[in-house]
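**Q** Starting off with a structure, shown below.
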Amino acid sequence: MSSRALIALIVFGSVVLLAAFWSTGGFDALARWAAEGQRAFQNAMAGGLRAIKAGDPGAVATLLGLCFAYGFFHAIGPGHGKVLIGGYGLGRRVPAGRLVGLALVSSLAQAATAVVLVYLGVLVFNWSRGRMTAIADKALEPVSYAAIALIGLWLLWRGVRGLLRGRAAAMRSVLGAQPSEAAALAGLDQGYARLHAEAAGHPGGGSPGHSHSHAQGHGDGHEHEHGHGHHAHAHGSGDVCDACGHVHGPTMEQAAEVRSLRDAALLVGGIAIRPCTGALFVLILTWRMGIEAAGIAAAFAMGLGTATVTIAVALASVFLREGTTFALTGERGARVVGPVLEVTAGTLVVLIAGQLLVRAL
(Lines give C-alpha, C1' and ligand atoms only; values in the text may rest on other atoms or scores of the structure.)
Protein backbone atom coordinates (compact mmCIF):
# COMPACT_ATOMS: atom_id res chain seq x y z
CA MET A 1 0.00 0.00 0.00
CA SER A 2 1.35 3.42 -0.95
CA SER A 3 1.89 6.18 1.60
CA ARG A 4 -0.88 8.29 0.09
CA ALA A 5 -3.36 5.43 0.29
CA LEU A 6 -2.36 4.69 3.89
CA ILE A 7 -2.82 8.32 4.96
CA ALA A 8 -6.15 8.49 3.14
CA LEU A 9 -7.26 5.34 4.99
CA ILE A 10 -6.19 6.77 8.37
CA VAL A 11 -7.96 10.07 7.73
CA PHE A 12 -11.14 8.37 6.54
CA GLY A 13 -11.09 5.98 9.50
CA SER A 14 -10.64 8.87 11.95
CA VAL A 15 -13.62 10.71 10.49
CA VAL A 16 -15.78 7.55 10.65
CA LEU A 17 -14.81 6.89 14.28
CA LEU A 18 -15.60 10.49 15.28
CA ALA A 19 -18.96 10.33 13.51
CA ALA A 20 -19.81 7.02 15.21
CA PHE A 21 -18.74 8.37 18.61
CA TRP A 22 -20.94 11.43 18.10
CA SER A 23 -23.99 9.52 16.83
CA THR A 24 -23.94 7.01 19.72
CA GLY A 25 -23.90 9.72 22.38
CA GLY A 26 -20.24 9.32 23.23
CA PHE A 27 -19.66 13.06 23.50
CA ASP A 28 -22.56 13.43 25.95
CA ALA A 29 -21.11 10.68 28.14
CA LEU A 30 -17.71 12.35 27.94
CA ALA A 31 -19.25 15.68 28.99
CA ARG A 32 -20.92 14.06 32.01
CA TRP A 33 -17.64 12.43 33.06
CA ALA A 34 -15.86 15.77 32.72
CA ALA A 35 -18.53 17.54 34.81
CA GLU A 36 -18.17 14.99 37.60
CA GLY A 37 -14.40 15.46 37.53
CA GLN A 38 -14.81 19.24 37.75
CA ARG A 39 -17.05 18.96 40.82
CA ALA A 40 -14.61 16.62 42.56
CA PHE A 41 -11.64 18.88 41.91
CA GLN A 42 -13.62 21.97 42.88
CA ASN A 43 -14.28 20.47 46.30
CA ALA A 44 -10.61 19.55 46.61
CA MET A 45 -9.61 23.10 45.66
CA ALA A 46 -11.68 24.48 48.52
CA GLY A 47 -9.74 22.26 50.90
CA GLY A 48 -6.47 23.39 49.31
CA LEU A 49 -7.38 27.02 49.88
CA ARG A 50 -8.04 26.36 53.56
CA ALA A 51 -4.66 24.62 53.81
CA ILE A 52 -2.92 27.65 52.27
CA LYS A 53 -4.69 29.94 54.71
CA ALA A 54 -3.53 27.72 57.57
CA GLY A 55 0.06 27.92 56.32
CA ASP A 56 0.52 24.22 55.50
CA PRO A 57 3.78 23.57 53.58
CA GLY A 58 3.26 22.41 50.03
CA ALA A 59 -0.35 23.59 49.98
CA VAL A 60 0.28 26.05 47.13
CA ALA A 61 1.80 23.35 44.91
CA THR A 62 -1.14 21.07 45.70
CA LEU A 63 -3.62 23.80 44.80
CA LEU A 64 -1.88 24.49 41.48
CA GLY A 65 -1.94 20.80 40.60
CA LEU A 66 -5.64 20.58 41.43
CA CYS A 67 -6.38 23.68 39.33
CA PHE A 68 -4.42 22.25 36.41
CA ALA A 69 -6.50 19.07 36.58
CA TYR A 70 -9.69 21.11 36.88
CA GLY A 71 -8.75 23.02 33.72
CA PHE A 72 -8.16 19.74 31.89
CA PHE A 73 -11.58 18.35 32.84
CA HIS A 74 -13.20 21.70 32.08
CA ALA A 75 -11.75 21.64 28.56
CA ILE A 76 -12.93 18.08 27.87
CA GLY A 77 -16.55 19.13 28.33
CA PRO A 78 -18.49 21.21 25.82
CA GLY A 79 -16.68 24.46 25.20
CA HIS A 80 -15.89 27.04 22.58
CA GLY A 81 -12.09 27.00 22.64
CA LYS A 82 -11.77 23.52 21.13
CA VAL A 83 -14.38 24.28 18.49
CA LEU A 84 -12.67 27.43 17.32
CA ILE A 85 -9.07 26.16 17.39
CA GLY A 86 -10.01 22.87 15.73
CA GLY A 87 -12.19 24.50 13.10
CA TYR A 88 -9.53 27.06 12.24
CA GLY A 89 -6.82 24.39 11.99
CA LEU A 90 -9.00 22.32 9.71
CA GLY A 91 -10.13 25.21 7.54
CA ARG A 92 -6.83 27.10 7.14
CA ARG A 93 -3.39 25.74 6.37
CA VAL A 94 -1.57 26.77 9.55
CA PRO A 95 1.79 25.38 10.77
CA ALA A 96 1.34 23.09 13.75
CA GLY A 97 3.67 25.16 15.92
CA ARG A 98 1.73 28.35 15.25
CA LEU A 99 -1.63 26.74 16.01
CA VAL A 100 -0.26 25.20 19.22
CA GLY A 101 0.97 28.64 20.24
CA LEU A 102 -2.46 30.13 19.55
CA ALA A 103 -4.10 27.42 21.65
CA LEU A 104 -1.76 28.14 24.56
CA VAL A 105 -2.09 31.94 24.32
CA SER A 106 -5.89 31.81 24.07
CA SER A 107 -6.15 29.60 27.18
CA LEU A 108 -3.88 31.90 29.19
CA ALA A 109 -5.77 34.94 27.88
CA GLN A 110 -8.99 33.36 29.14
CA ALA A 111 -7.41 33.15 32.60
CA ALA A 112 -6.30 36.77 32.34
CA THR A 113 -9.90 37.78 31.53
CA ALA A 114 -11.07 36.09 34.72
CA VAL A 115 -8.45 37.98 36.77
CA VAL A 116 -9.42 41.32 35.23
CA LEU A 117 -13.16 40.69 35.68
CA VAL A 118 -12.85 39.69 39.35
CA TYR A 119 -10.54 42.46 40.48
CA LEU A 120 -12.33 45.07 38.42
CA GLY A 121 -15.58 43.93 39.99
CA VAL A 122 -14.47 43.73 43.61
CA LEU A 123 -12.18 46.76 43.66
CA VAL A 124 -14.04 49.19 41.40
CA PHE A 125 -17.71 48.18 41.28
CA ASN A 126 -17.99 46.17 44.51
CA TRP A 127 -19.74 43.31 42.74
CA SER A 128 -20.67 40.12 44.52
CA ARG A 129 -19.65 36.64 43.42
CA GLY A 130 -23.13 36.01 42.06
CA ARG A 131 -23.04 39.24 40.07
CA MET A 132 -19.69 38.39 38.44
CA THR A 133 -20.76 34.84 37.66
CA ALA A 134 -23.98 36.15 36.13
CA ILE A 135 -22.01 38.58 33.95
CA ALA A 136 -19.78 35.75 32.74
CA ASP A 137 -22.68 33.36 32.09
CA LYS A 138 -25.43 35.69 30.89
CA ALA A 139 -23.48 38.40 29.04
CA LEU A 140 -19.97 37.32 28.08
CA GLU A 141 -20.84 33.73 27.20
CA PRO A 142 -23.43 34.57 24.50
CA VAL A 143 -21.13 37.26 23.09
CA SER A 144 -18.31 34.73 22.87
CA TYR A 145 -20.48 32.15 21.10
CA ALA A 146 -21.77 34.79 18.68
CA ALA A 147 -18.21 35.86 17.88
CA ILE A 148 -17.20 32.26 17.23
CA ALA A 149 -20.22 31.76 14.96
CA LEU A 150 -19.16 34.84 12.99
CA ILE A 151 -15.65 33.42 12.60
CA GLY A 152 -17.24 30.19 11.35
CA LEU A 153 -19.24 32.18 8.80
CA TRP A 154 -16.01 33.87 7.73
CA LEU A 155 -14.36 30.47 7.16
CA LEU A 156 -17.43 29.31 5.26
CA TRP A 157 -17.39 32.40 3.05
CA ARG A 158 -13.67 31.98 2.34
CA GLY A 159 -14.25 28.38 1.31
CA VAL A 160 -17.11 29.23 -1.01
CA ARG A 161 -15.06 32.02 -2.57
CA GLY A 162 -12.15 29.62 -3.04
CA LEU A 163 -14.39 27.09 -4.78
CA LEU A 164 -15.70 29.77 -7.13
CA ARG A 165 -12.17 30.91 -7.91
CA GLY A 166 -11.09 27.33 -8.54
CA ARG A 167 -13.99 26.85 -10.93
CA ALA A 168 -13.07 30.04 -12.77
CA ALA A 169 -9.44 28.91 -13.00
CA ALA A 170 -10.55 25.56 -14.40
CA MET A 171 -12.67 27.30 -17.02
CA ARG A 172 -9.72 29.48 -18.05
CA SER A 173 -7.50 26.44 -18.38
CA VAL A 174 -10.08 24.80 -20.63
CA LEU A 175 -10.67 27.85 -22.80
CA GLY A 176 -6.96 28.65 -23.04
CA ALA A 177 -5.02 31.57 -21.67
CA GLN A 178 -5.80 34.89 -23.29
CA PRO A 179 -3.16 37.61 -23.50
CA SER A 180 -3.66 40.22 -20.86
CA GLU A 181 -4.02 43.91 -21.60
CA ALA A 182 -0.63 44.60 -20.04
CA ALA A 183 1.06 42.02 -22.27
CA ALA A 184 -0.63 43.46 -25.36
CA LEU A 185 0.52 46.97 -24.52
CA ALA A 186 4.06 45.72 -23.89
CA GLY A 187 4.06 44.06 -27.33
CA LEU A 188 2.90 47.27 -29.03
CA ASP A 189 5.57 49.27 -27.25
CA GLN A 190 8.31 46.86 -28.36
CA GLY A 191 7.04 46.90 -31.94
CA TYR A 192 6.98 50.70 -31.99
CA ALA A 193 10.55 50.86 -30.66
CA ARG A 194 11.75 48.41 -33.35
CA LEU A 195 10.08 50.31 -36.19
CA HIS A 196 11.42 53.61 -34.88
CA ALA A 197 14.95 52.23 -34.72
CA GLU A 198 14.76 50.88 -38.28
CA ALA A 199 13.48 54.22 -39.56
CA ALA A 200 16.41 55.90 -37.85
CA GLY A 201 18.91 53.73 -39.69
CA HIS A 202 19.34 50.85 -37.22
CA PRO A 203 18.17 47.67 -38.98
CA GLY A 204 17.05 44.92 -36.71
CA GLY A 205 16.14 47.37 -34.00
CA GLY A 206 18.31 49.01 -31.41
CA SER A 207 18.48 48.48 -27.75
CA PRO A 208 16.25 50.64 -25.58
CA GLY A 209 18.01 53.55 -24.02
CA HIS A 210 20.16 54.34 -27.08
CA SER A 211 21.00 57.87 -28.19
CA HIS A 212 21.84 58.83 -31.75
CA SER A 213 22.18 61.84 -33.93
CA HIS A 214 21.34 61.87 -37.62
CA ALA A 215 20.45 64.29 -40.33
CA GLN A 216 17.04 64.05 -41.83
CA GLY A 217 16.64 64.78 -45.49
CA HIS A 218 14.79 68.00 -44.85
CA GLY A 219 15.05 70.96 -47.06
CA ASP A 220 16.59 73.20 -44.43
CA GLY A 221 19.32 70.60 -43.62
CA HIS A 222 18.94 70.83 -39.82
CA GLU A 223 20.00 68.09 -37.49
CA HIS A 224 18.31 66.80 -34.38
CA GLU A 225 18.84 64.08 -31.75
CA HIS A 226 16.58 61.33 -30.55
CA GLY A 227 17.06 60.06 -26.99
CA HIS A 228 15.17 57.00 -25.85
CA GLY A 229 15.38 56.23 -22.13
CA HIS A 230 12.90 53.52 -21.31
CA HIS A 231 12.28 52.80 -17.60
CA ALA A 232 13.01 49.07 -17.69
CA HIS A 233 13.72 47.32 -14.39
CA ALA A 234 12.88 44.13 -12.59
CA HIS A 235 12.35 43.81 -8.87
CA GLY A 236 10.26 41.91 -6.39
CA SER A 237 6.98 43.19 -5.10
CA GLY A 238 8.51 44.17 -1.77
CA ASP A 239 11.83 45.53 -3.06
CA VAL A 240 12.73 49.18 -3.42
CA CYS A 241 12.77 50.18 -7.06
CA ASP A 242 16.15 51.62 -8.13
CA ALA A 243 14.59 53.88 -10.74
CA CYS A 244 11.76 55.47 -8.76
CA GLY A 245 12.73 54.72 -5.16
CA HIS A 246 9.34 53.30 -4.20
CA VAL A 247 8.11 49.94 -2.92
CA HIS A 248 5.45 48.74 -5.36
CA GLY A 249 3.73 46.30 -3.01
CA PRO A 250 4.14 44.02 0.01
CA THR A 251 5.94 40.71 -0.23
CA MET A 252 4.02 37.46 0.07
CA GLU A 253 5.60 36.93 3.49
CA GLN A 254 4.46 40.37 4.69
CA ALA A 255 0.91 39.80 3.44
CA ALA A 256 0.76 36.39 5.14
CA GLU A 257 2.05 37.91 8.38
CA VAL A 258 -0.69 40.56 8.35
CA ARG A 259 -3.36 37.93 7.80
CA SER A 260 -1.95 35.67 10.51
CA LEU A 261 -1.86 38.51 13.05
CA ARG A 262 -5.45 39.43 12.24
CA ASP A 263 -6.56 35.81 12.48
CA ALA A 264 -4.67 35.34 15.74
CA ALA A 265 -6.37 38.38 17.27
CA LEU A 266 -9.80 37.07 16.23
CA LEU A 267 -9.14 33.59 17.61
CA VAL A 268 -7.69 34.72 20.94
CA GLY A 269 -10.40 37.36 21.39
CA GLY A 270 -13.21 34.91 20.61
CA ILE A 271 -11.95 32.44 23.22
CA ALA A 272 -10.70 34.82 25.92
CA ILE A 273 -13.85 36.94 26.10
CA ARG A 274 -15.61 34.28 28.21
CA PRO A 275 -13.68 33.49 31.44
CA CYS A 276 -13.79 30.10 33.12
CA THR A 277 -16.32 29.86 35.97
CA GLY A 278 -13.88 27.79 38.04
CA ALA A 279 -11.27 30.52 37.74
CA LEU A 280 -13.82 33.08 38.95
CA PHE A 281 -14.64 30.82 41.91
CA VAL A 282 -10.99 30.49 42.98
CA LEU A 283 -10.19 34.17 42.45
CA ILE A 284 -13.13 35.38 44.52
CA LEU A 285 -12.41 32.97 47.40
CA THR A 286 -8.70 33.80 47.49
CA TRP A 287 -9.51 37.53 47.48
CA ARG A 288 -11.83 37.10 50.46
CA MET A 289 -9.22 34.98 52.27
CA GLY A 290 -6.43 37.49 51.62
CA ILE A 291 -4.28 35.15 49.48
CA GLU A 292 -4.69 36.94 46.16
CA ALA A 293 -1.37 35.80 44.66
CA ALA A 294 -2.29 32.14 45.14
CA GLY A 295 -5.63 32.76 43.40
CA ILE A 296 -4.05 34.43 40.38
CA ALA A 297 -1.50 31.62 40.06
CA ALA A 298 -4.33 29.08 40.34
CA ALA A 299 -6.29 30.78 37.55
CA PHE A 300 -3.33 30.53 35.18
CA ALA A 301 -2.75 26.90 36.23
CA MET A 302 -6.33 26.24 35.11
CA GLY A 303 -5.49 27.93 31.82
CA LEU A 304 -2.53 25.60 31.32
CA GLY A 305 -4.75 22.60 32.05
CA THR A 306 -7.26 23.82 29.48
CA ALA A 307 -4.44 24.35 27.00
CA THR A 308 -3.50 20.66 27.08
CA VAL A 309 -6.82 19.73 25.49
CA THR A 310 -6.93 22.61 23.00
CA ILE A 311 -3.35 21.83 21.93
CA ALA A 312 -4.32 18.21 21.30
CA VAL A 313 -7.28 19.38 19.23
CA ALA A 314 -5.01 21.76 17.31
CA LEU A 315 -2.55 18.99 16.43
CA ALA A 316 -5.38 16.66 15.43
CA SER A 317 -6.89 19.28 13.11
CA VAL A 318 -3.52 19.95 11.45
CA PHE A 319 -2.98 16.21 10.93
CA LEU A 320 -6.46 15.80 9.47
CA ARG A 321 -6.01 18.68 7.05
CA GLU A 322 -2.48 17.80 5.95
CA GLY A 323 -3.34 14.13 5.64
CA THR A 324 -6.33 14.91 3.45
CA THR A 325 -4.29 17.30 1.31
CA PHE A 326 -1.46 14.79 0.87
CA ALA A 327 -3.80 11.94 0.06
CA LEU A 328 -5.47 13.84 -2.79
CA THR A 329 -3.22 14.05 -5.81
CA GLY A 330 -3.37 16.06 -9.01
CA GLU A 331 -3.97 19.73 -9.79
CA ARG A 332 -7.74 19.46 -9.49
CA GLY A 333 -7.53 17.83 -6.05
CA ALA A 334 -5.07 20.44 -4.79
CA ARG A 335 -7.30 23.23 -6.08
CA VAL A 336 -10.47 21.88 -4.47
CA VAL A 337 -9.37 20.32 -1.18
CA GLY A 338 -8.51 23.59 0.59
CA PRO A 339 -11.82 25.39 -0.05
CA VAL A 340 -13.80 22.22 0.70
CA LEU A 341 -12.08 21.89 4.08
CA GLU A 342 -12.77 25.58 4.81
CA VAL A 343 -16.45 25.11 3.96
CA THR A 344 -16.61 21.99 6.15
CA ALA A 345 -14.83 23.63 9.07
CA GLY A 346 -16.87 26.82 8.82
CA THR A 347 -20.11 24.88 8.74
CA LEU A 348 -19.15 22.82 11.81
CA VAL A 349 -18.08 25.92 13.76
CA VAL A 350 -21.32 27.74 12.89
CA LEU A 351 -23.51 24.76 13.86
CA ILE A 352 -21.77 24.04 17.16
CA ALA A 353 -21.40 27.70 18.16
CA GLY A 354 -25.00 28.36 17.17
CA GLN A 355 -26.19 25.46 19.33
CA LEU A 356 -24.16 26.75 22.29
CA LEU A 357 -25.50 30.26 21.70
CA VAL A 358 -29.10 29.03 21.76
CA ARG A 359 -28.47 27.20 25.04
CA ALA A 360 -26.84 30.27 26.58
CA LEU A 361 -29.71 32.61 25.71
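**Q** Rounded to the nearest 0.05, what FRET efficiency do Arg288 and Arg93 have when you use their Cβ-Cβ distance and R0 = 35 Å? Working shown, then result.
**A** Details: r = 48 Å, r/R0 = 1.37.
Once the sixth-power term is evaluated, E becomes 0.15.
**Q** Roughly how many Å² of Tyr88 are accessible to a 1.4 Å probe, to the nearest 10?
**A** 20 Å²
**Q** Let me ask something else about it. So, taking all protein chains as they sit and a 1.4 Å probe, how much accessible area belongs to Phe281, in Å² rounded to tens?
**A** That residue has around 30 Å² of solvent-accessible surface.
**Q** So, one more: For Lys53, Lys138, Lys82, give the ranking by accessible area with the largest first, probe 1.4 Å. Before the final figure, lay out the partial values.
**A** Numbers: Lys53 120, Lys138 155, Lys82 40 Å².
Sorted by accessible area, descending: Lys138, Lys53, Lys82.
**Q** Any idea of Leu261's accessible area? Nearest 10 Å², probe 1.4 Å.
**A** About 110 Å², rounded to the nearest 10.
**Q** Still on this structure, please answer the following. Set the Förster distance to 35 Å, then compute FRET efficiency between Arg131 and Ala297 from the Cβ-Cβ distance, nearest 0.05.
**A** On the way: r = 24 Å, r/R0 = 0.70.
With a Förster radius of 35 Å, E is 0.90.
**Q** Follow-up. Starting from the Cα of Val358, step 7 Å along the direction of its Cβ; do the same at Thr62; then give the gap between the two resulting points in nm.
**A** Once both label points are built, they end up 4.5 nm from each other.
**Q** May I pose another question? Run the accessible area of region 118-166 with a 1.4 Å probe and give the carbon-and-sulfur part as a rounded percent.
**A** Ligands and nucleic acids excluded, carbon and sulfur reach 67 percent.
**Q** Now, a different point. What ranking of Asp137, Asp263 comes out by heavy-atom accessible area, probe 1.4 Å, highest first? Before the final figure, lay out the partial values.
**A** On the way: Asp137 45, Asp263 5 Å².
So, going from the largest accessible area down, we get Asp137, Asp263.
**Q** What net charge do the residues around Val122 carry, taking every other residue with its C-beta under 13 Å from that of Val122, with Lys and Arg at +1 and Asp and Glu at -1?
**A** Its environment carries a net charge of +2.
**Q** Between Arg39 and Leu164, what FRET efficiency follows from the Cβ-Cβ distance if R0 is 51 Å, with the result rounded to 0.05?
**A** Numbers: r = 49 Å, r/R0 = 0.97.
Efficiency computed from Cβ-Cβ geometry: 0.55.
The values are calculated or read from the model by the stated rules, or taken from the named source; none is laboratory data. For clarity, every value in this text was computed on a predicted model and none was experimentally measured. Because the Cβ atoms are built from the backbone with ideal geometry, glycine has one as well, and the counts that use them run over all protein chains shown. Ligands, DNA and RNA are stripped out before the accessible areas are found, and what is left, the full protein with its side chains, is counted by its heavy atoms. Shrake-Rupley method; radii C 1.70, N 1.55, O 1.52, S 1.80 Å.
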